[in-house]
Amino acid sequence: MSGRIAGKIALVTGAGSGLGEATAQRFAEEGAHVVITDINAEQAESVCQDISAAGGSAEYHYQDVTDERAWDTLVGMIIKDHGRLDIVVNNAGIVIRGSVEDTTLEDWRKTQAVNLDAVFLGTRAAVKAMKGNGGSIINISSIEGMVGEPTAAAYNASKGGVRIFTKSAALHCAAEGYGIRVNSVHPGFIATPMVENAIAAAPPVEGAALLERVNSEIPLGSMGEAVDIANGCLFLASDESKYMTGSELVIDGGFTCH
Ligand code: NAI
């Protein structure tokens with residue numbers, strides 16, 4: 001088997017769509033066996049089939065990333081079936097838009113549960129599984145974990161939490177000598193169902209204006225593609241990034257430069 005992560009066992013959450021799907025595909029193209037999880041079984045199974053049809057190796061399991069016990073079951077199964085776990089991408093996420101004034105406590109908690117609590121659960125489960133052999137944990141944050149957005153109060157908080165939690169986990173793993181690297185990825189605006197649905201959900205004039213504003217504010221001129229983030233994850237998953245831990249990989253077409 002050849003490839004930049006040949007023979008590695010990788011887990012990608014929320015891999016039925018968007019960035020997770022593209023990351024699972026790139027990992028499989030570069031020789032990893034990819035465990036794909038999502039709450040959307042239909043889409044994730046189809047991603048799995050596409051990978052197999054292209055000659056890659058993948059399997060799908062239903063997983064709600066907010067379910068603490070399901071993490072133990074899933075990781076236990078991966079270790080039993082494959083003997084180890086080398087790469088985990090905590091990617092599953094949601095956006096519920098709202099300012100500090102109009103975000104309900106329910107929406108706040110739902111956002112933290114999926115975007116932040118689950119990243120903690122996934123990182124903790126991965127560290128436990130990787131301790132003996134080392135590995136790479138990649139937490140998908142956002143540029144919105146670095147800069148504020150008036151209508152993304154809960155999302156900003158969750159992604160900022162992922163950013164700094166990643167550094168704590170990275171320092172712990174380094175201090176313990178586990179050989180486990182933990183890094184965060186900060187995508188800018190990437191054309192995925194998450195962003196397309198948010199634009200579609202806005203009234204037509206506002207949606208078009210939002211799209212125009214987003215594209216005009218990106219120094220490289222347009223939204224990125226899912227594969228742009230997948231390639232960043234591939235680098236962090238591979239030994240090419242062996243001296244990186246606790247780092248923030250920003251992939252945003254230059255958006256946060258100004
Ligand atoms: P997406 O909506 O296309 O895909 C998210 C996937 O997560 C879906 O397949 C969904 O079913 C799954 N999911 C949601 N809740 C889940 C749960 N509780 N358990 C398991 N799976 C669950 O979104 P996209 O754009 O691919 O986003 C992926 C990650 O990237 C998210 O964490 C998002 O916040 C982050 N991100 C995305 C950006 C973008 O521009 N698309 C920008 C910055 C960050």
Residues of region 138-154 being near the ligand (Cβ under 7 Å from one of its atoms) and farther than 12 Å from Glu248 by Cβ, in sequence order, are Glu144
So, in region 13-72, exactly how many residues are open to solvent by 50 Å² or more (accessible area, probe 1.4 Å), in a loop (DSSP other than H, G, I, E, B) and near the ligand (Cβ under 9 Å from one of its atoms)?
5
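Hand me the list of helices (runs of 4 or more DSSP H) wholly inside region 90-189 holding 1 or more residues that are of a type in the set (Asp, Glu). Break it down into steps so the answer makes sense when it comes.
On the way: elements: 105-112, 118-130, 153-176.
Where helices (runs of 4 or more DSSP H) fall fully within region 90-189 and carry at least 1 residues being of a type in the set (Asp, Glu), they are 105-112, 153-176.
Residues in region 84-107: is at least one within 24 Å of Ser136 (Cβ to Cβ) and loosely packed, with under 15 Cβ neighbours inside 10 Å?
So the first thing to find is which residues in region 84-107 are within 24 Å of Ser136 (Cβ to Cβ), and the list is 84-93.
Going one step further and asking which of them are loosely packed, with under 15 Cβ neighbours inside 10 Å, we end up with 84.
For region 84-107, residues within 24 Å of Ser136 (Cβ to Cβ) and loosely packed, with under 15 Cβ neighbours inside 10 Å: present.
Going by the structure shown, is Ile5 out of contact with any Gly (no Cβ under 7 Å at 6 or more places or on another chain), more than 14 Å from the ligand (Cβ to nearest atom) and either free of Cβ contacts under 8 Å to residues at least 24 places away in the same chain or open to solvent by less than 30 Å² (accessible area, probe 1.4 Å) (or both)?
Numbers: out of contact with any Gly (no Cβ under 7 Å at 6 or more places or on another chain): no; more than 14 Å from the ligand (Cβ to nearest atom): yes; either free of Cβ contacts under 8 Å to residues at least 24 places away in the same chain or open to solvent by less than 30 Å² (accessible area, probe 1.4 Å) (or both): yes.
Considered against the rule, which asks whether it is out of contact with any Gly (no Cβ under 7 Å at 6 or more places or on another chain), more than 14 Å from the ligand (Cβ to nearest atom) and either free of Cβ contacts under 8 Å to residues at least 24 places away in the same chain or open to solvent by less than 30 Å² (accessible area, probe 1.4 Å) (or both), Ile5 comes out as no.
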Just to be sure before I move on: is Ala237 touching a strand residue (DSSP E or B) at 6+ places or on another chain (Cβ under 7 Å) and more than 12 Å from the ligand (Cβ to nearest atom) in the structure I sent?
yes
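Conditions (1) under 18 Å from Leu11 (Cα atoms); (2) aromatic (Phe, Trp, Tyr), marked per residue:
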site	(1), (2)
Met130	yes, no
Ile138	yes, no
Ile143	no, no
Asn156	no, no
Lys159	no, no
Phe165	no, yes
Ala170	no, no
Glu176	no, no
Val185	yes, no
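Only one of Ile87, Ile78, Ile94 is under 16 Å from the mean Cα position of the chain (by Cα) and more than 15 Å from the ligand (Cβ to nearest atom); which?
Details: Ile78 fails: under 16 Å from the mean Cα position of the chain (by Cα); Ile94 fails: more than 15 Å from the ligand (Cβ to nearest atom).
One residue alone meets the criteria, Ile87.
Among the residues of region 230-252, is there at least one that is outside any helix (DSSP H, G or I) and in contact with an Asp or Glu (Cβ under 9 Å, 6 or more places away or on another chain)? Walk me through it before giving the result.
Restricting attention to region 230-252, the residues satisfying the condition of being outside any helix (DSSP H, G or I) are 238, 242-252.
Next cut, in contact with an Asp or Glu (Cβ under 9 Å, 6 or more places away or on another chain) only: 238, 251.
The answer is yes, given that some residue of region 230-252 is outside any helix (DSSP H, G or I) and in contact with an Asp or Glu (Cβ under 9 Å, 6 or more places away or on another chain).
For region 98-107, check the following and say yes or no: at least one residue is under 17 Å from the mean Cα position of the chain (by Cα) and among the aliphatic types (A, V, I, L, M). Walk me through how you get there before you give the answer.
Initially, region 98-107 is screened for residues under 17 Å from the mean Cα position of the chain (by Cα), giving none.
No, because not a single residue in region 98-107 is under 17 Å from the mean Cα position of the chain (by Cα) and among the aliphatic types (A, V, I, L, M).
Mind telling me which of the residues Asp252, Asp228 ends up being touching a Pro at 6+ places or on another chain (Cβ under 7 Å) and at pLDDT 95 or above? It would help to see each step written out before you state the result.
Details: Asp228 fails: touching a Pro at 6+ places or on another chain (Cβ under 7 Å).
Checking each option against the conditions leaves just Asp252.
Being in contact (Cβ under 8 Å) with a residue 60 or more places away in the chain, within 8 Å of the ligand (Cβ to nearest atom) and open to solvent by less than 60 Å² (accessible area, probe 1.4 Å) is the filter here; which residues of region 186-200 pass it?
Step one: of region 186-200, the residues in contact (Cβ under 8 Å) with a residue 60 or more places away in the chain are 186-190, 192-194, 198.
Then keep just the ones that are within 8 Å of the ligand (Cβ to nearest atom); that gives 186-190, 192-194.
Correct list: His186, Pro187, Gly188, Phe189, Ile190, Thr192, Pro193.
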How about region 236-258: which of its residues are open to solvent by 40 Å² or more (accessible area, probe 1.4 Å) and farther than 22 Å from Gly161 by Cα?
Asp239, Glu240, Lys242, Tyr243, His258
Of the residues in region 205-235, those that are farther than 15 Å from Leu19 by Cα and open to solvent by less than 40 Å² (accessible area, probe 1.4 Å) number 3
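The values are calculated or read from the model by the stated rules, or taken from the named source; none is laboratory data. Please read all numbers here as calculations on a predicted model, not as lab measurements. A quick note on method: Cβ atoms are made from the backbone with ideal geometry, for glycine too, and the neighbour counts reach across all protein chains shown. The accessibility values were calculated without ligands, DNA or RNA, using every heavy atom of the protein model including side chains. Shrake-Rupley method; radii C 1.70, N 1.55, O 1.52, S 1.80 Å.
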